[in-house]
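Q: There's a structure below that I have some questions on.
No value in this document is a laboratory result; all are computed from the given coordinates. What you see is a predicted model, and the numbers here were worked out from it, not measured in a lab.
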Amino acid sequence: MARILALDYGKVRTGIAVTDELQLIASGLTTVETKELISFLDDYLKKESVERIVVGLPKQMDNTASESEESIQEFLKKLEAKFPSMPLERQDERFTSKMAFQSMLDSGMKKKKRRDKALVDEISATLILQAYLNRI
């Protein structure tokens, strides 16, 4: 089996998570600057076997699209153009940032480390991926 990769897309940086090859466990991979994301994915996909990419779907509480969805749609067009045979899926990402921060608190992480927004993005990507795995 191949891995599943998940993205918590942001205008500045994007958190990335990935499954093991059996698609059982979601783990944080890294956070990259969004302007470098396509290049990072190109390198990663050459080295690792990835079955699909899951991109977070930000929604408001009333189920309408979040304001960041417009920039995500632009990114998805670039992603589809660069990797036309790669299946793309979306996963609701409501509350993932809050859940990521709470998991940092629950784990006893020091305040200085909890301020690391890149780590929050990576954990958020992991939560998006785990929610996707739970759904399929």
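Q: Looking at the chain only, what percent of DSSP beta bridges run antiparallel? Nearest 5 please. List each step's numbers first, then the result.
A: Values: 12 of 22 bridges.
Roughly 55 percent of the beta bridges in the chain run antiparallel, per DSSP.
Q: Continuing with the same structure: How large is ³J(HN,Hα) for each residue in the stretch 16-25, as worked out from phi by the Karplus curve 6.51 cos²θ - 1.76 cosθ + 1.60 (θ = phi - 60°), to whole Hz, x for Gly and Pro?
A: After applying 6.51 cos²θ - 1.76 cosθ + 1.60, I find 10, 10, 8, 8, 6, 5, 8, 6, 9, 10 Hz.
Q: Give me Rg/Rg_expected for the chain, where Rg uses Cα atoms only and Rg_expected = 2.2 N^0.38 Å with N residues.
A: Scaled against compact globular proteins, the figure is 1.00.
Q: Can you compute the helix-only [θ] at 222 nm over the chain? Use -39500 (n - 2.57) per DSSP H run of at least 4 residues, normalise by all residues, nearest 500 deg cm²/dmol.
A: Details: 5 runs with 59 residues, N = 136.
Rounded to the nearest 500, the figure is -13500 deg cm²/dmol.
Q: Here's something else I'd like to know. Show the residues, 5+ positions off or on another chain, whose built amide H is closer than 5 Å to the amide H of Arg13.
A: Residues meeting the criterion, in which the H sits 1.01 Å from N, are Thr34.
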